[in-house]
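Asker: Can you keep this structure in mind? I'll have questions shortly.
The values are calculated or read from the model by the stated rules, or taken from the named source; none is laboratory data. From a predicted model like this one, the values you see are computed outputs, not experimental measurements. In this analysis, Cβ positions are derived from the backbone assuming ideal geometry, glycine residues included, and neighbour counts consider all displayed protein chains.
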Amino acid sequence: MAVEHDLETMEIPVNMGPQHPSTHGVFRMVLKVDGERVVELVPHIGYLHRGAEKLCENMDYRQGIGIHDRTEYLAPFHAELALVIAVEKLMGLEVPERAEQIRIIMAELNRITSHMMFVGAFSADAGVFGTAFTYAFREREYIQDIFEEVTGDRTMYGYFRPGGLAWDVPDDFVERVRAVLEHTRQGIDDIDNLLTKNEVFMARTRGIGAMSAEEAIDWGLSGPMLRACGVRHDLRKAQPYCIYDRFDFDVPVGQYGDVYDRYLVRLEEMRQSVRIVEQALEGLRDGPIMPKKMRRRLRTPPGEIYQGVEAPRGEYGVYIVSDGTDKPYRMKIRSACFANLMGLRDMVVGHFVADAVVILGSIDMVLGEVDR
Amino acid sequence: MSSEERLEKFRPGRDGHEARKALRVPPPRGSVFDLFKEALPDVPMEAYQAVKDVVIEVSRGDVIRVLRTAKEDPRLDFRWLRCLSGVDYMDKGLEVVYHLHSYTRNHDVTVKVRCPQGDPRVPSATAVWRGADWYEREAAEMFGLVFEGHPNLVPLLLPEDMTDHHPLRKDNPLAEIEEWQGDRLAGRAEEGAGGEEEG
Amino acid sequence: MSGSAPAAPPREPQAPPEVPARREKTGIEREAERLTPVEFDRGKAPYRRVLPGVLLAPADTVVAMARKSSLWPLTFGLACCAIEMIATYMSHHDLDRFGIMPWPSPRQADVMIVAGTVTKKMAPSVKLLYEQMPNPKWVIAMGACAINGGPYTRYDRVLQGVDKIIPVDVYVPGCPPRPEALLDGFLALQRKIMAERSAVG
């Protein structure tokens, strides 16, 4: 749609400042705009840098669970899982079967809530303000009720411990989760019917922000962003942690790597999560949830480990260097959105300003993770 | 060596990394390290087996060559730079740790480079992966590392005008209590602070 | 030219006045500059200046009732508390039934809910947004981080409480506070608006 003109144009810097209505947190982009097209983009992060890594060095591993919760605040169970599995592997702990099953149920339900939040916020960016947002949050509330019954908190759980779980689930857990899954299936179908074949939605998201597989691998993307580009890589299948290798589920892969594909990948992942939860509920047996002899002070032997999990946004990893005490010497948090955000510039340059918002929404950013 | 024996051998405290060195286990036969030795026979590398990965330590001069070979050699095929972090070992130096993963071969490796505390320069891995960009910026501002060849090594997470000291270094303690921060600001501002930077 | 006063002796060229050399600001001074609080001035509403004294009390009541029933918060979610704030706006714990409508622009907003950790990098933006809001305005500090730094208080890049830079009216504790707690905070703010109606313009 090129228009020939003799006008003298100027490239204007536009600041999408730390506070903007897209509800993605405190992220700032400075766009250089020529007419409506974005010519250059410089992202500025660090407005939520709270020193999680430094604080974790002065805290016991179990206190660090609370910090990890608040770092990845939309998928806290995955963040806790990374930390807890890393500590268990360092110490050589055996986790009982029932604890693993419950961990997987919680983690997959958390994946559903996180993707619901994505659908809500993303559809608000794409223009459907309100409808899909409220649908999504209704589904989140049902699942958060379960989390509250089990862990006591709606959002910051602090439930996993190195070795297993903090306490056992209530007696009616299985029936409650089954009842909620009915709602969840219906909710996913509602959102599907509302958005997927919606012409306006497709016009706003098809062909926008495409990234090729080579570029995605070079930038280090992971999670749905990478799978939408066509790379079939899921940490749950490639390097199974917990007992994911026992479950039967598919990994949705996109084709073009554009925004629409990312939305489709996440929608399908929600359905696969429901499948995994059902299988885990079938296989839930009675048993202990912590190993027999757990010390009070969790002293890890000197060593180091990097453990990544497949969080809803990508790979969330924890690199722990332990010097033998009960506090880590160095805890580095590898967050998914940090790497995913590096590719933002390549995705946005050449598109319109309005598309910049949609592409940013499709990255499904959690600033707590990016800035730590 | 079992977990209990390991715990007995260490000395509690921040000196544990010396104990770690004594407990090093060489990597098993047929591990990734053998592939590295085949691909780079002339590069001096030390390796040991950590809990999950094989860790390979190289020197500053060789690190870019090692990383590039790791990415491009078909037997290794480490196309994904998972994580790049810095670690502060105080007077033993600063270390940069690269975690790599291969999609096709499904193996991992950890590559480490150590540089002395007084001379924290490391060549930049952006020559090999573009995705090392922000990791290096963050490590630079948190530890004071200088990555040579990085296109844009400006502070990433810290405020632009408050990069006086590097937070993740071990000689920077955490703030103590609530009034500490206010007192520190008031006291230092009164002193005049003629060029005196907070250390 | 006639009868003019004797010419003054030629003045020596004066040395230029002493200008102190500009000293580069240190990190501490820049930090202190960022963290100075805003000047707080509630202002005086026009109706107070115009109405006769006998009508002031009922006018205050009516105006306060109008203000408290239609508080428009600035959507200022910074961190994890933003998620609970959004959940409070949504259908399950509806805030719209109280007349509370989230509004993205500070120019038309009444309340600023500071939800999340305020870092020193973000502090100037918070002050700017507060100053951009027209009077009457209130601030709710939601969550432990906005009250006193919360779990991150010991990190020196974190502002230990947003009341160091802007005046706060209601503190809602929790990490994150439940939606019912935020609702309670709004109701407390409404009571405060009614209680202060004659003291404030």
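Asker: Filter region B:35-55 for residues that are surrounded by 15 or more Cβ atoms within 10 Å (Cβ to Cβ) and away from chain A (no Cβ under 13 Å); which is farthest from B:Val122 (Cα to Cα)?
Answerer: Across region B:35-55, the extreme among qualifying residues is B:Leu35.
Asker: Filtering region A:72-85 down to residues that are over 21 Å from A:Gly343 (Cβ atoms) and within 10 Å of chain C (Cβ to nearest Cβ), which residue is surrounded by the fewest Cβ atoms within 10 Å (Cβ to Cβ)?
Answerer: A:Tyr73
Asker: Here are the criteria: (1) under 22 Å from the mean Cα position of the chain (by Cα); (2) at pLDDT 85 or above. Tell me which single one B:Glu72 does not satisfy.
Answerer: (1)
Per-residue answers, yes or no, for (1) over 22 Å from A:Ile67 (Cα atoms); (2) over 18 Å from the mean Cα position of the chain (by Cα); (3) surrounded by fewer than 23 Cβ atoms within 10 Å (Cβ to Cβ):
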| site | (1), (2), (3) |
| --- | --- |
| A:Leu90 | no, yes, no |
| A:Glu108 | no, no, no |
| A:Gly130 | yes, yes, yes |
| A:Asp145 | yes, yes, yes |
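Asker: Since C:Ala181 meets every condition but one in (1) in a loop (DSSP other than H, G, I, E, B); (2) more than 28 Å from A:Asp125 (Cα to Cα); (3) within 14 Å of chain A (Cβ to nearest Cβ), which condition does it not meet?
Answerer: Single failed check for C:Ala181: (1).
Asker: Mind checking which residues of region A:244-256 are aliphatic (A, V, I, L, M) and out of contact with any Gly (no Cβ under 9 Å at 6 or more places or on another chain)?
Answerer: Across region A:244-256, the qualifying residue is only A:Val251.
Residues checked against (1) away from chain A (no Cβ under 13 Å); (2) of a type in the set (D, E, K, R); (3) in a loop (DSSP other than H, G, I, E, B):
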position: C:Lys121; (1), (2), (3): no, yes, yes
position: C:Val126; (1), (2), (3): no, no, no
position: C:Cys145; (1), (2), (3): no, no, no
position: C:Pro151; (1), (2), (3): no, no, no
position: C:Gln160; (1), (2), (3): no, no, yes
position: C:Ile166; (1), (2), (3): yes, no, yes
position: C:Pro177; (1), (2), (3): no, no, yes
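Asker: Oh, and also: Any residue in region C:134-151 that is among the β-branched types (Val, Ile, Thr) sitting within a Cβ distance under 6 Å of a residue that is part of a loop (DSSP other than H, G, I, E, B)? List the pairs, counting only those 6 or more apart or interchain.
Answerer: C:Val139/C:Ile166; C:Val139/C:Val168; C:Val139/C:Asp169; C:Ile147/C:Gly161
Asker: Is there any pair with a first residue in region B:116-140 that is under 11 Å from B:Cys83 (Cα atoms) and a second that is of a type in the set (Asp, Glu) whose Cβ atoms are under 8 Å apart and which are 6 or more apart or on different chains, and what are they?
Answerer: Close Cβ pairs (under 8 Å, with a partner that is of a type in the set (Asp, Glu)) amount to B:Gly131/A:Asp218.
Asker: Filter region B:56-80 for residues that are in a loop (DSSP other than H, G, I, E, B) and either away from every other protein chain (no Cβ under 14 Å) or of a type in the set (S, T, N, Q) (or both) and give the result.
Answerer: B:Ser59, B:Arg60, B:Gly61, B:Asp62, B:Asp73, B:Pro74, B:Arg75, B:Leu76
Asker: List, please: which pairs have Cβ atoms under 9 Å, are six or more places apart or on different chains, and start with a residue in region B:75-93 that is at positive phi and end with one that is surrounded by fewer than 22 Cβ atoms within 10 Å (Cβ to Cβ) and outside any loop (DSSP other than H, G, I, E, B)?
Answerer: Close Cβ pairs (under 9 Å, with a partner that is surrounded by fewer than 22 Cβ atoms within 10 Å (Cβ to Cβ) and outside any loop (DSSP other than H, G, I, E, B)) amount to B:Asp77/B:Lys71; B:Gly93/B:Arg114; B:Gly93/B:Cys115.
Asker: Scanning for something modelled with pLDDT under 80, aliphatic (A, V, I, L, M) and part of a loop (DSSP other than H, G, I, E, B), does region C:78-90 turn up at least one residue?
Answerer: No: zero hits.
Asker: For region A:306-328, how many residues meet the condition of being buried (at least 22 other Cβ atoms within 10 Å of the Cβ), within 10 Å of chain B (Cβ to nearest Cβ) and either hydroxyl-bearing (Ser, Thr, Tyr) or touching a residue at least 40 places away in the same chain (Cβ under 8 Å) (or both)?
Answerer: 9
Asker: If you don't mind, there's one more thing I want to ask. Restricting the search to region A:329-372, which residues are assigned to a helix (DSSP H, G or I), closer than 21 Å to B:Glu141 by Cα and among the charged types (D, E, K, R)?
Answerer: Within region A:329-372, A:Glu369, A:Asp371 meet the criteria.
Asker: Still on this structure: May I ask you to list pairs of residues, at least six apart or on different chains, whose Cβ atoms are under 8 Å apart, with the first in region A:346-357 being closer than 20 Å to A:Trp219 by Cα and surrounded by fewer than 19 Cβ atoms within 10 Å (Cβ to Cβ) and the second being aromatic (Phe, Trp, Tyr) and at pLDDT 85 or above?
Answerer: A:Asp346/A:Trp219
Asker: Oh, and also: Go through (1) closer than 28 Å to A:Val39 by Cβ; (2) aliphatic (A, V, I, L, M); (3) within 24 Å of the chain's Cα centre (by Cα); (4) away from every other protein chain (no Cβ under 12 Å) and name the single condition A:Val349 misses.
Answerer: Of everything listed in (1) closer than 28 Å to A:Val39 by Cβ; (2) aliphatic (A, V, I, L, M); (3) within 24 Å of the chain's Cα centre (by Cα); (4) away from every other protein chain (no Cβ under 12 Å), A:Val349 misses just condition (3).
Asker: When you go through B:Pro155, B:Pro167 one by one, which is the residue that is modelled with pLDDT of 70 or more, over 16 Å from the mean Cα position of the chain (by Cα) and at the interface with chain A (Cβ under 9 Å from one of its Cβ atoms)?
Answerer: B:Pro155
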